[in-house]
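Here the structure is laid out as structure tokens; the discussion comes afterwards.
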Amino acid sequence: MAYEYLITEITEQRVGLIRLNRPKALNALSPELMAELGEALMAFDADPNVGCLVLTGNERAFAAGADIKAMAQATTVDMLNNDLIARWETINHLQKPIVAAVSGFCLGGGCELAMACDIIVASESAVFGQPEINLGIIPGFGGTQRLTRTVGKYLAMEMVLTDRRLTAQEALALGLVNHVYPVETYLDEALKLAARIAAQAPLAVRLAKEAVRKALELSLSEGLTFERRLFQMLFASADQKEGMAAFIEKRKPQWQGR
Ligand code: DAK
């Protein structure tokens, strides 16, 4: 499908790549772009030829936030509009893992979008921040919640209250990103990582993602019970039989996704 604000492709390694493509506006996340992103995410999530997704921007900007020009005159009712929220929330409902490949500005809604992904690969030029306070607003898509759970209360407070920004190396040290690579290679490295995931048993990948994400929401005992149920469920899959038989027979497994 052709998009106006995105470039998408499926690689030979079963990775669904989505590039945000509003370079002149530093990939500001307009309602139109977010509508397309919601569609592209859902399409790749449903596509059996895709095992893992990668979301990226360009070298200068992953995304400099939600589109301020599109939001400047908005009312509370506009902001409560279900359609708008749904466009942003699609990423929270993906069954397949999604890797953010971040370079340059990763600010406001851009940082929140990256944090909504499952793994973050950054270039050395990436800058993470929540500058909403400069606009008289606060983060609205997880910037006070996901960021705090990752970097802790005190730093999150400083970032949200003063627009303190993190370099890629700081983000790496804080566990906000998985890897930092040179600008020339960060996207290839993100694609390689996604390809490794896409080569695994699809059902196990899906349930592993679900279980790890639940760890942030459930108590330990609820989480352990949840994990055990998913673990037990996988013993009904052909891929569990195949994976273990392949190990014993010293060969590569052939996954069927069922
Ligand atoms: N929105 C619209 N346009 C933007 C933009 C943005 N966020 N960021 C940059 N641009 C545009 C600039 O206006 C400029 O356009 P022209 O003037 O050329 O037409 C072009 O991109 C290049 O930007 P600059 O000329 O400013 O470039 P610089 O290198 O000088 O500066 C910058 C780069 C990233 C430091 C600067 O552009 C900047 O500060 N941008 C704004 C960053 C920001 O404040 N971001 C947070 C926005 S608020 C929600 C979901 C999401 C959100 C809230 C709720 N729900 C689902 C409820 C998120 C809110 C936000 O993200």
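FYI, it's all coordinate maths here, none of it is from the lab. Here the structure is a predicted model, which is why all the values come from computation and not from measurement. Don't worry about glycine lacking a Cβ; one is built from the backbone with ideal geometry, like all the others, and counts go over all protein chains shown.
One way to sum up the overall shape of the stretch 111-198 is the equivalent ellipsoid from its Cα gyration tensor, whose semi-axes run 25, 13, 11 Å, largest first. Relative to the Cα centre, the charge distribution of the chain, modelled as +1 at Lys and Arg Cβ and -1 at Asp and Glu Cβ, gives a dipole magnitude of about 760 debye.
Pairs over the 28 Å Cα-Cα cut-off, from the set LYS209/LYS241; LYS153/LYS214; LYS214/LYS250; LYS96/LYS153: LYS214/LYS250; LYS96/LYS153.
Annotation note: GluC sites (Glu not before Pro) in the stretch 1-50 located in DSSP loop regions with a Cβ neighbour count of at most 15 within 10 Å are GLU4, GLU12. Take every DSSP beta bridge whose two residues both sit in the chain, then give the antiparallel share in percent to the nearest 5. Close to 25 percent.
Can you pull out the trypsin sites (Lys or Arg not before Pro) in the stretch 1-108 that DSSP calls coil and that have at most 16 other Cβ atoms within 10 Å? Display every interim value, and only then the final one.
On the way: sites: ARG14, ARG19, LYS24, ARG60, LYS69, ARG87; in loops: ARG14, ARG60.
Those satisfying the criteria are ARG60.
With both labels modelled 7 Å from their Cα along Cα-to-Cβ, the ASN82 to GLU170 distance reads 4.1 nm.
Checking the a/c ratio against 1.5 first, then a/b against b/c, what shape does the Cα gyration tensor give for the stretch 51-117?
On the way: a/c = 3.35, a/b = 1.33, b/c = 2.52.
In terms of gyration-tensor shape, oblate.
Across all directions, the average projected area of the convex hull around the alpha carbons of the stretch 161-258 is 9.6 nm². Taking amide H as placed 1.01 Å from N in the peptide plane, the amide H of VAL102 sits under 5 Å from that of VAL121, ALA122, SER123, each at least 5 places away or on another chain. Other residues with beta-carbon under 11 Å from the beta-carbon of PHE141 carry, at +1 per Lys or Arg and -1 per Asp or Glu, a net charge of -1.
Straight-line cross-link reach from LYS69 at under 28 Å between alpha-carbon atoms covers these lysines, not counting any fewer than eight positions away in the same chain: LYS24. Just to be sure I understand: of the beta bridges DSSP finds with both ends in the stretch 8-75, what percent are antiparallel, rounded to 5? That works out to approximately 35 percent antiparallel.
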